[in-house]
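What follows is a single structure, written as structure tokens, with notes after it.
The values are calculated or read from the model by the stated rules, or taken from the named source; none is laboratory data. Please read all numbers here as calculations on a predicted model, not as lab measurements. With ideal geometry, Cβ positions are generated from the backbone for all residues, glycine too; neighbour counts draw on all protein chains shown. Remember, those area values only see protein heavy atoms, side chains included, never the ligands or the DNA or RNA. Shrake-Rupley method; radii C 1.70, N 1.55, O 1.52, S 1.80 Å.
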Amino acid sequence: MRVQVAIVGGGPAGHLLGQLLYQAGIDAVVIEQRSQAYVQARIRAGVLEQGTTDLLDEGGFALGFGGSSHRIDLQHLTGGKQVMVYGQTEVTKDLMDARAAAGLATVYEAHEVSLHDFDTPHPSVRYSRGGVEHTVHCDFIAGCDGYHGVSRASVPAASLQTFERIYPFGWLGVLSDTPPVSHELVYANHARGFALCSMRSATRSRYYVQCSLDDKAEHWSDDAFWDELRRRLAPELADTLVTGPSIEKSIAPLRSFVAEPMRFGRLFLAGDAAHIVPPTGAKGLNLAASDVRYLARALAAFYQGSSHGIDHYSATCLARVWKAVRFSWWFTSLMHKFPDTGAFGQKIQEAELDYLVNSQAASTSLAENYVGLPL
Ligand code: FAD
Ligand code: DHB
């Protein structure tokens with residue numbers, strides 16, 4: 001097979017890139033190691049910046065601390081911008097459906113995927129499927145295969161600089177067919193740890209509580225989860241929480257990670273393949289979307305005769321990436337219980353939250369970062 005761009009990984013980054021390249025008339029294949037059913041069922045992100053899509057609009061969210069709740073009015077603070085809550089599961093499914101409807105090539109269940117010759121003008125991607133070896137010859141490879149993918153791992157270690165922070169806690173997430181406790185998101189700081197109330201629809205909720213790294217989801221009964229969530233919310237909210245059986249329960253670790261640069265010859269890294277942020281602040285999928293927007297634009301310019309975009313891809317992405325890494329790190333630090341800072345740390349967080357909700361300047365800075373910095 002020969003294509004202009006081989007996209008490794010069919011998560012949101014790979015699928016969105018596929019769609020943008022199709023719109024630009026550039027021919028691409030998506031090579032994904034999992035089955036179509038598996039990719040469709042994966043539950044992750046919820047919040048999308050306005051720049052990611054204009055579709056459950058949220059004009060604000062609440063910050064809970066010290067027993068009460070304070071609204072951050074995103075629209076008012078940012079001059080009309082907002083975010084929307086739309087599950088990543090749906091985003092991926094919509095993109096997969098659009099790709100199938102346009103008759104575009106996707107290879108699922110591609111095993112032993114390997115990247116070759118991306119330091120030459122003739123790169124290729126090899127994989128095996130059903131015991132048969134395949135080679136895709138291409139002009140460029142887009143590494144959209146997430147944090148554990150093969151793309152970043154294919155770059156010689158000496159060409160890569162990495163930056164990392166691992167947080168000493170995780171998020172225990174529960175999905176349930178119950179009405180959301182609030183029509184807007186609630187981010188809660190509590191001496192027992194962070195909690196987040198989100199939603200997927202008028203009848204489906206997504207909740208998270210900070211948990212310890214050695215917790216196991218199966219050790220948390222539904223009742224234990226609901227009790228812990230209620231304790232961390234302001235009483236008037238806790239009293240209206242509707243609980244029910246969980247339909248999914250899992251633990252996600254929290255990490256900040258950046259690999260630089262994001263381009264090696266004819267290989268481009270995009271999304272979680274290049275960087276990870278802790279989920280507080282909802283930046284991960286949105287960064288994946290901004291990377292692939294830059295990449296699609298750069299590749300379109302390349303085929304029209306200019307290599308300026310591909311030459312500046314890494315620097316352009318990283319400028320935005322580091323600002324989101326900073327914001328996610330800051331919001332995580334503000335909202336979570338840290339094992340080593342004790343009651344002093346809790347008081348400092350409450351003082352900063354009090355400042356944040358009462359200062360126009362501080363609220364504006366939070367809102368501006370939350371809705372997404374300019375592309
Ligand atoms: P991935 O989603 O990891 O996709 C990579 C794809 O590549 C996968 O399909 C994988 O199977 C495939 N792959 C891997 N290895 C190979 C290989 N060797 N060959 C071929 N294919 C391969 N982000 C937000 O913006 N907003 C949120 O509200 C938000 N909430 C989150 C909540 C939680 C609990 C978590 C864990 C994350 C959240 N995120 C959020 C982050 C978001 O989920 C990720 O940033 C996003 O999934 C990144 O997309 P991606 O396509 O780069 O990578
Ligand atoms: C969700 C996830 C986040 O990380 C966040 O900040 C807000 C919402 C969610 O899964 O709905």
**Message:** Straight-line reach from Lys216: which lysines fall under 30 Å, measuring Cα to Cα and dropping same-chain residues less than 8 apart?
**Reply:** Lys93, Lys249, Lys283, Lys337, Lys347
**Asked** If you rank Arg192, Arg99 by how much accessible surface each has, with a 1.4 Å probe, what is the order from largest down?
**Response** Arg192, Arg99
**Complete:** As straight-line cross-link partners of Lys81, the qualifying aspartates and glutamates (C-alpha separation under 17 Å, not fewer than 8 residues apart within one chain) are Glu49, Asp54, Asp57, Glu58, Asp73, Glu184, Glu368
**Item:** Accessible solvent surface per residue of the chain, calculated while the other protein chains remain in place, 1.4 angstrom probe, Å²
**Value:** 43 Å²
**Asked** How much length, in nm to one decimal, is gained on full extension between Asp223 and Ala101, taken as 0.36 nm per residue of separation minus their Cα-Cα distance?
**Response** 39.6 nm
**Cα centre as origin, Lys/Arg/Asp/Glu Cβ charges: segment 277-375 dipole, Debye** = 240 debye
**Request:** Go from 0 up to the bin containing the longest alpha carbon distance in segment 271-348, width 5 Å each, and give me the % of pairs per bin.
**Result:** 3, 15, 20, 15, 13, 10, 8, 6, 4, 3, 2, 1
**Request:** Quick one: dipole size for the chain, taken about the Cα centre, charges +1 on Lys/Arg Cβ and -1 on Asp/Glu Cβ, in debye to the nearest 20.
**Result:** 360 debye
**Message:** Using alpha carbons only, how many angstrom separate the centre of segment 205-230 from the centre of segment 261-304?
**Reply:** 33 Å
**Message:** How large a share of the accessible area of segment 55-187, in percent, is made up of carbon and sulfur atoms when the probe is 1.4 Å and the other protein chains stay in place?
**Reply:** 51 percent
**Request:** Once you have all Cα-Cα distances for segment 216-256, histogram them in 10 Å bins from zero and send the whole-percent values.
**Result:** 25, 47, 26, 2
**Complete:** Of the candidates Val5, Phe194, Gln75, the farthest towards the positive dipole end of the chain (Lys/Arg Cβ +1, Asp/Glu Cβ -1, centred on the Cα centre) is Val5
**Unit charges at the beta carbon, dipole of segment 92-173: most positive-side option, Val136, Ala101, Gly170** = Gly170
**Asked** From the Cα gyration tensor of segment 117-175, with a ≥ b ≥ c the square roots of its eigenvalues, which class applies: rounded if a/c is under 1.5, or else prolate if a/b is larger than b/c, or else oblate?
**Response** oblate
**Request:** Divide, for segment 147-201, the radius of gyration over alpha carbons by 2.2 N^0.38 Å, where N is the residue count.
**Result:** 1.81
**Item:** More than 37 Å apart - percent of Cα-Cα pairs taken over the chain
**Value:** 22 percent
**Prompt:** For segment 276-323, what is the relative contact order in percent, using Cα pairs closer than 8 Å and at least 6 residues apart in sequence?
**Reply:** 28 percent
**Request:** Please name which of Ala41, Leu17, Val242 has its Cα lying farthest along the dipole of the chain towards the positive end, using unit charges on Cβ (Lys, Arg +1; Asp, Glu -1) and the Cα centre as origin.
**Result:** Leu17
**Request:** Give, rounded to the nearest 20 debye, the magnitude of the charge dipole that segment 171-318 has about its Cα centre when Lys and Arg contribute +1 at Cβ and Asp and Glu contribute -1 at Cβ.
**Result:** 520 debye
